[in-house]
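Following: one structure in structure tokens, then a few remarks.
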Amino acid sequence: MATEQTKKNNNNFLIQGSILAIAGILVRIIGLAYRIPLVRIVGDEGMGYYSVAYEIYAIILLLSSYSLPLSVSKMVSAKLAGDDYLNANRIFKVSLIYATIVGALCFAFLWFTADWFANVFYHLPLCKYALISLAPTVWIMTYLGVMRGFYQGQSTMVPTAVSQILEQIVNALVSVGAAWWLCQMALNAAKGDSVASAWGAAGGTIGTGAGALTALIVLIILYIRGRKEWNENVVRSENAGIKKESYKEISKILFFTVIPVILSTAVYNITNIVDAEIFTSTMVEYFGNNASSVAADWGVFTGKFKTLANIPIAIANSLSSSLIPVMAAAAAAKNKKGVEDGISLALRYTVLISLPASVGLTILGGPIVSLLFGKSDLATTMTLIGSFGVLFYSVSTVTNAVLQGNNYMRIPVINALIALIVHVAVIFVLMRVFNMGIKAIVIGYMLFGLFMCILNSFAITKKISYRADVSITYLKPLLCSIVMGAATIVIRLLLEKLTGSNFIITFGSIIVAVIVYVIMIIITGTITKKELKRFPVIKRFIR
């Protein structure tokens with residue numbers, strides 16, 4: 001019976017993980033699509049202001065909402081595993097109160113400190129417009145985080161997936177439109193190119209708020225439609241004699257669930273803020289570069305390199321989001337087999353996607369950058385140096401979720417702090433001693449993910465007694481990726497001789513890479529026919 005339940009849970013994880021992963025891919029594709037015109041409208045300098053503002057927004061958002069989907073889903077799923085709708089509903093109410101209070105405080109903080117961050121912290125005064133524009137979004141996102149966690153805790157990723165896609169569509173349309181309009185306003189008012197770029201960056205951040213508001217409205221509508229059935233389950237639980245937990249006790253549990261998640265994720269975002277501060281202060285004050293050129297370099301890093309890298313990483317985030325409820329339920333039931341199978345599936349599919357993506361970026365980074373953003377030697381160099389950051393960040397994201405899902409909440413925090421210390425030391429030396437500029441940030445970005453992978457893997461082995469099957473998890477995907485990489489190099493060189501079209505070279509190489517990789521993972525048994533059938537969409541095309 002336990003085995004059947006384990007299989008059922010794993011299949012559900014794959015289905016829900018697939019839904020969220022597909023949504024994550026679509027969201028990243030839309031994000032990439034609108035970033036192309038956005039970069040061309042506001043330029044590298046504007047993307048620098050946009051990205052610097054976004055780093056502060058991200059850390060404040062983390063305090064108010066980033067931890068909520070994971071924390072709420074973890075608490076709700078643990079209750080629903082025992083058919084306890086009564087207390088799951090009380091958790092939902094407490095979470096909304098938390099969102100109201102914390103969201104309001106974080107909104108006020110960002111609104112009133114935007115000028116200080118822009119002038120004193122970053123030495124980039126013009127990024128204040130983007131910071132102010134992002135302040136209302138913080139409050140909206142707190143409610144959105146609760147709603148998404150509420151549905152994820154019920155092991156359904158469809159509402160989250162739908163809301164994410166709609167959020168990004170609205171974000172894309174409003175961001176591009178508002179950026180263009182505000183840029184034109186600044187130019188027509190003879191404010192200068194730098195101010196036009198800054199106003200355009202603010203337009204891009206307005207789109208973020210519009211998208212978040214749209215997603216929240218969608219989830220509220222879904223909740224209203226399903227409220228009758230949910231309330232019936234709550235009444236049934238109460239009639240069954242389930243004891244009510246006090247709001248005080250639930251608030252305490254929520255707090256101690258949210259805080260470790262905030263701390264572990266905060267280090268990731270603090271890393272971005274620290275990187276931006278070290279880079280801008282070093283280049284402006286230590287080396288005497290002007291703020292516009294510094295903002296432009298940072299814009300290339302975040303607007304081009306990280307935009308490409310974040311697409312496969314988004315899939316890992318999707319897997320980890322669907323993994324948390326499964327892990328929490330299995331851990332609560334003391335189902336060791338279920339926990340181990342969940343870890344194995346998450347790691348395997350993450351590596352299966354992120355490893356070839358890293359190899360592909362190494363080989364095709366230049367043509368892809370040129371096709372999407374126009375020729376940029378700096379962005380091409382970044383993809384060559386930091387491409388394997390995709391693998392490291394993807395695996396570290398999933399291993400974080402594994403530890404948190406098994407109630408080892410402090411370990412990712414400690415590991416992230418260790419990785420951050422090493423990261424900061426490396427980039428400081430590379431920048432101040434070797435004057436490597438933005439390239440030092442790329443190297444540090446990759447090393448942070450690598451150290452997180454290593455430390456989290458040791459922790460999983462020690463605390464959960466899980467050891468990955470090295471052959472099927474890492475070695476076989478590596479072999480498949482090497483063969484894929486070799487074939488891609490050959491076809492790229494051949495197409496470069498036959499045609500001068502970067503479009504044909506890029507897409508021809510990508511198509512061949514995908515075909516070769518799929519063939520290799522089937523030939524080597526990296527993924528079996530039985531495993532493929534567990535994905536509903538793929539099952540139809542097995543024949």
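The values are calculated or read from the model by the stated rules, or taken from the named source; none is laboratory data. All values derive from a computational prediction rather than experimental measurement. No Cβ is skipped: glycine too gets one built from the backbone with ideal geometry, and neighbour counts run over all protein chains shown. To get the accessible areas, we keep the full protein, side chains included, count just its heavy atoms, and leave off ligands, DNA and RNA. Shrake-Rupley method; radii C 1.70, N 1.55, O 1.52, S 1.80 Å.
The table below lists the values:
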{"read-out": "Gyration tensor verdict on the range 358-505 (Cα atoms; rounded if a/c is under 1.5, prolate if a/b is larger than b/c, oblate otherwise)", "value": "oblate"}
{"read-out": "Three-way shape label, the range 402-483, alpha-carbon gyration tensor, a/c 1.5", "value": "oblate"}
{"read-out": "Percentage relative contact order, the chain, counting C-alpha pairs under 8 Å, at least six apart", "value": "19 percent"}
{"read-out": "Residues L479 and V426, FRET efficiency given R0 of 35 Å [Cβ-Cβ distance, rounded to 0.05]", "value": "0.70"}
{"read-out": "Sequence ranges 359-369, 135-145, ranked by mean other-Cβ count within 10 angstrom, highest first", "value": "135-145, 359-369"}
{"read-out": "Two-decimal log10 I(q)/I(0) for the chain, as the Debye equation yields it once each C-alpha is a single scatterer, q = 0.11 Å⁻¹", "value": "-1.01"}
{"read-out": "Cβ crowding within 10 Å averaged over residues, with 504-516, 217-229 ranked highest first", "value": "504-516, 217-229"}
{"read-out": "Computed FRET value (nearest 0.05) for A108 with A240, which takes r as the C-beta separation and R₀ as 41 Å", "value": "0.40"}
{"read-out": "Peptides 494-503, 26-35 ordered by average Cβ neighbours within 10 Å, highest first", "value": "26-35, 494-503"}
{"read-out": "The range 400-439-the range 352-393 distance, computed between alpha-carbon centres (Å)", "value": "22 Å"}
{"read-out": "Listed residues A130, I56, G405: farthest to the positive end of the dipole of the chain (Cβ charges)", "value": "G405"}
{"read-out": "Approximate spin-label separation S471-S501, in nm, with each point projected 7 Å along Cα-to-Cβ", "value": "4.5 nm"}
{"read-out": "Cβ-based charge dipole, the range 33-156, positive-most Cα from S65, Y98, V76", "value": "V76"}
{"read-out": "Accessible surface of the chain [probe 1.4 Å, protein heavy atoms]: carbon and sulfur percent", "value": "67 percent"}
{"read-out": "Cut-off 12 Å between beta-carbons: net charge of the residues surrounding W298, Lys and Arg +1, Asp and Glu -1", "value": "-4"}
{"read-out": "Environment charge at Q152 (Cβ cut-off 14 Å; Lys +1, Arg +1, Asp -1, Glu -1)", "value": "+3"}
{"read-out": "Gyration tensor (alpha-carbon) shape descriptor, the range 40-133, a/c threshold 1.5", "value": "prolate"}
{"read-out": "Range of Cα positions in the range 99-248 per principal axis (Å), largest first", "value": "70, 32, 19"}
{"read-out": "Whole-Hz couplings from phi, Karplus 6.51/-1.76/1.60, listed for the range 423-434; x for Gly and Pro", "value": "4, 5, 4, 5, 5, 5, 5, 4, 7, 6, 8, 9"}
{"read-out": "Debye log10 I(q)/I(0) at q = 0.11, 0.21, 0.22, 0.28 Å⁻¹ for the range 134-208, Cα point scatterers", "value": "-0.40, -0.87, -0.91, -1.14"}
{"read-out": "Karplus-derived 3J(HN,Hα), 6.51/-1.76/1.60, for each residue of the range 362-374, Hz, glycine and proline x", "value": "4, 7, 10, x, x, x, 5, 4, 4, 5, 8, 10, x"}
{"read-out": "Simple label model, 7 Å out from Cα along Cβ direction - K191 to N289, nm", "value": "2.5 nm"}
{"read-out": "Amide hydrogen neighbours beyond the local backbone of N335, cut-off 5 Å, H modeled", "value": "none"}
